[in-house]
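Heads up, the thing below is written out as structure tokens.
Read-outs throughout are calculated quantities, based only on the coordinates presented, and are distinct from any laboratory measurement. The model shown is predicted, which means the values in this text are computed figures rather than measured ones. Don't worry about glycine lacking a Cβ; one is built from the backbone with ideal geometry, like all the others, and counts go over all protein chains shown.
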Amino acid sequence: MDAGPAAPVRPIATEDLPALLALNNAHAIELSLVDEEKLRRLLGVAALATAIGPRARPDAFLLAFDHDAPPQGPNHAWFLARHPRFLYVDRVCVDPRARRRGLARALYEHAVAEAIRRGVPVLCCEVNTDPPNPVSDAFHASFGFVEVGRAFLPDRGKSVRYLERSA
């Protein structure tokens, strides 16, 4: 049963960084490994950097880039080549202790609201197909995302599906 988020969506704070780094890297297969420097760089160019939960120990986070950011890897570049305006969810992660409370949905709903507020027509992301991520596939399908492309990323040893939905 979805009890709803424990706290509102908020901007990521500096004191969140150690916990976000640990949470991201505990899920590196799905998200890709980052070090502190790379996480700070990603946060510096993110169009949206949000969390849910207590400062210094957030339960979940979301990072998104838009059409104004320089390419942040092959997936963001794929959308840059196809859309003049978009919001690309690069990573979303929920701590296992906080799952099944609607936190990812709350973060995505906030991202959609921000896209609408900014006049951005498309929300997009990618989901691994190899290695597979059936939980993410089901979540994105329930949120109205549709597949618009696929790619193999040889430098990462991954295959992905590119997904979009209207904002």
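What does the charge count near residue 64 come to, summing +1 for each Lys or Arg and -1 for each Asp or Glu among other residues with Cβ under 14 Å from its Cβ?
-2
If each DSSP helix of 4+ residues adds -39,500 (n - 2.57) and the sum is divided by the residues in the chain, what number results at 222 nm, nearest 500 deg cm²/dmol? Before the final figure, lay out the partial values.
Working: 6 runs with 56 residues, N = 167.
Result for the chain: -9500 deg cm²/dmol, rounded to the nearest 500.
Find out how many positive minus negative residues lie around residue 17, taking Lys and Arg as positive, Asp and Glu as negative, among other residues whose Cβ is under 13 Å from that of residue 17.
Overall, the nearby charge balance is 0.
When a/c reaches 1.5 or more, the comparison of a/b and b/c decides; with that in mind, is the range 48-117 rounded, prolate or oblate per its Cα gyration tensor?
It comes out prolate by the Cα gyration axes.
Once the principal axes of the Cα atoms of the chain are found, what is the range along each, listed largest first in whole angstroms?
Principal axes ranked by extent give 37, 31, 30 Å for the Cα atoms.
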